[in-house]
Amino acid sequence: MRSPRLITGEFLALNGVMFLTFCNLAIFFQFHHYLGTLPIDPKWSGLLIALFSVTVLILRPIISPLLRPDNSRRWIAISCVWVILSLLLYNVAFDFESMAIVRLVHGAAYVVMATAVTSRLVGCIPKDRSGQAFGLISVITLLPYAVLPPLLEPLTRWAGNFRAVLDLSALAMVLCFPLVALVGKGSDGVEDAAAVAIGWKDIAENLKDPKIILLLFLSLLVWTAFTPIFYFLREYGDKLGVPNPGWFFTLSTFTEIGVRLVAGSLFDKVGKAWMLGGSLAWLAAGYGAMAHISGANGFYAMGLLLGLGWGVAMPVLSGLVFDLSAPRFRALNTNLSFVMFQAGFFLGPLAGGAILLHFGYAALFYACACASMLGLIPALLLRSPLIARNPVRL
């Protein structure tokens, strides 16, 4: 039986692996700009960005029932090797076809790694500490987005080109191996219910729960609205004359981290559905305001304001998925919520790129605002007595 403590050596080691994995994603802040330096038609940029997530969307629902806390350690190590190789493959991708293949391979390697780490992490979370746990996990996954975007431009100049930066990222991923060695073998320290094999009938039963469907839809909306900001922000900052647009994400991310560290324990005490609805309304207002800012001061101020909304919405959403899932489905549903995360990373750049190409930045930000407003409906439905049957604070 696992310890009721949240902070354990295994929990910290897994968060270390998660941190390195998200560093691997954050360096692609400049990927849209990098694609513009290659002999690839700009009309394919949105698709090439989104292809990474296509692989994740296809594979994660298939592998989530198969990667459990008791077998995840081995798959973390195997997938890390493939992540490293995929980062090195960008050195030979210079046209649409080769870049598309590399993006698909990279996405496949990442999804196995992320799914295995998530399964093991969920098995380490005590039943009454979900809000605090996901608050801490999200801080770890956010740190790369705070540190790397403003550093990428000088780092790229120092390294010589963006491909060299990817090579350095591949080297950093080697640190995952000693961290994996600190993770216990088998299912030691993991809740028994989390390690039970899940069949397709179980998955069908799980997806009949309206709470889970609503939460997955909410995850899709939150991330679809977020990703155009991430991928297209640099060019918008350049248009406004902002010296280093990457500082937007440094400010927003440290705001998110501050919210989660200060209020993390409150996520388990205050009604999560109300907090989620309020944060979605805040984000909708923030996205709309992005269309009307001018100059560096307004640009950076929006980083702080949106950081407040993201800092509440994302961990509360993850906490609700954990709370409203049956114990044996917690790892599965957490991974399914990450499928929605990747669906957002697919739909956001794909739809956002088309909106930006034809209608401009204002229309893009208004579309993000509309997606957030749409999320208010399922957030409020979670409080319906016909849906919210679990005895958790909603």
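Of note:
- Cα centroid separation, the range 196-253 to the range 114-183 (Å): 17
- Computed [θ] at 222 nm, helices only, for the chain once each DSSP H run of length n ≥ 4 contributes -39500 (n - 2.57): -24500 deg cm²/dmol
- In nm, spacing of pseudo-spin labels at LEU171 and LEU240 (7 Å Cα→C-beta vector): 3.5
- The Cβ shell under 13 Å around PHE299 holds other residues with a net charge of 0, Lys and Arg each +1, Asp and Glu each -1.
- Anisotropy class of the range 223-378 from Cα gyration tensor, a/c 1.5 cut: prolate
- Cβ-Cβ FRET estimate between ILE78 and ALA164, R0 fixed at 25 Å, reported to 0.05: 0.40
- Anisotropy class of the range 301-379 from Cα gyration tensor, a/c 1.5 cut: prolate
- Anisotropy class of the chain from Cα gyration tensor, a/c 1.5 cut: oblate
- Lysine pairs within the chain, Cα separation less than 26 Å, 8 or more sequence positions apart or different chains: 11
Read-outs throughout are calculated quantities, based only on the coordinates presented, and are distinct from any laboratory measurement. Please read these numbers as outputs of a predicted model, since none were measured by experiment. Here Cβ is always computed from backbone atoms with ideal geometry, including for glycine, and neighbour counts include all displayed protein chains.
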